[in-house]
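S.K.: Right, I'll just put the structure down here and ask away after.
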Amino acid sequence: MNRYILQHIAVIEMTGVLMRIFSFSLVSWFGPASPFFFVWTLNTIDAVMLSWCAVLKQDRAYTVLNGFWVLVGVVGMLRAGNLIH
């Protein structure tokens with residue numbers, strides 16, 4: 001799997017970045033009416049993608065940043081799903 005990701009890393013990173021832009025654009029456009037569970041799910045998936053790429057590139061700063069976004073995304077999904085308050 002790592003070999004595949006390294007062969008396609010530019011496309012995977014761009015996809016992750018576009019996913020993040022799209023998810024936060026939804027919040028900007030819809031405000032409180034945003035589909036928050038969808039937004040946080042998309043954000044968490046893109047954070048996993050970008051974290052994996054950062055790990056393979058041995059980029060510690062982006063590994064930490066995107067690892068943080070994975071955690072934020074999980075909390076966001078739990079809150080959006082009313083599993084924590």
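S.K.: Could you list, in sequence order, all residues of the stretch 10-35 that are in contact (Cβ under 8 Å) with a residue 12 or more places away in the chain and open to solvent by less than 80 Å² (accessible area, probe 1.4 Å)?
M.R.: Within the stretch 10-35, Ile12, Glu13, Thr15, Gly16, Val17, Met19, Arg20, Ser23, Phe24, Leu26, Val27 meet the criteria.
S.K.: Same structure, new question: Hey, among the residues in the stretch 36-85 that are of a type in the set (D, E, K, R) and surrounded by fewer than 17 Cβ atoms within 10 Å (Cβ to Cβ), which one's farthest from Asn2 (Cα to Cα)? Talk me through it step by step, then tell me what you get.
M.R.: Our first condition is that a residue be of a type in the set (D, E, K, R); within the stretch 36-85, this holds for 46, 57, 59-60, 79.
Applying the additional criterion that residues be surrounded by fewer than 17 Cβ atoms within 10 Å (Cβ to Cβ) yields 57, 59-60, 79.
On the way: Lys57: 11, Asp59: 15, Arg60: 17, Arg79: 32 Å.
This residue is Arg79.
S.K.: Hey, another quick one. Name the single residue that is farthest from the chain's Cα centre (by Cα) among those in the stretch 31-50 being under 21 Å from Thr15 (Cβ atoms) and of a type outside the set (A, V, I, L, M, F, W, C).
M.R.: Pro35
S.K.: Another question, then. Name the residues in the stretch 31-46 that are more than 21 Å from Gly67 (Cβ to Cβ), assigned to a helix (DSSP H, G or I) and touching a helix residue (DSSP H, G or I) at 6+ places or on another chain (Cβ under 9 Å), would you?
M.R.: Narrowing the stretch 31-46 to residues more than 21 Å from Gly67 (Cβ to Cβ): 31-38.
From the residues that got through so far, the ones that are assigned to a helix (DSSP H, G or I) too are 31-33, 36-38.
Hits for the stretch 31-46 are Phe36, Phe37, Phe38.
The values are calculated or read from the model by the stated rules, or taken from the named source; none is laboratory data. Keep in mind it's a predicted model, so treat the numbers as computed, not measured. All Cβ positions, glycine included, derive from the backbone under ideal geometry; neighbour counts span all protein chains shown. Calculation scope for accessible area: heavy atoms of the full protein, side chains included, ligands and nucleic acids excluded. Shrake-Rupley method; radii C 1.70, N 1.55, O 1.52, S 1.80 Å.
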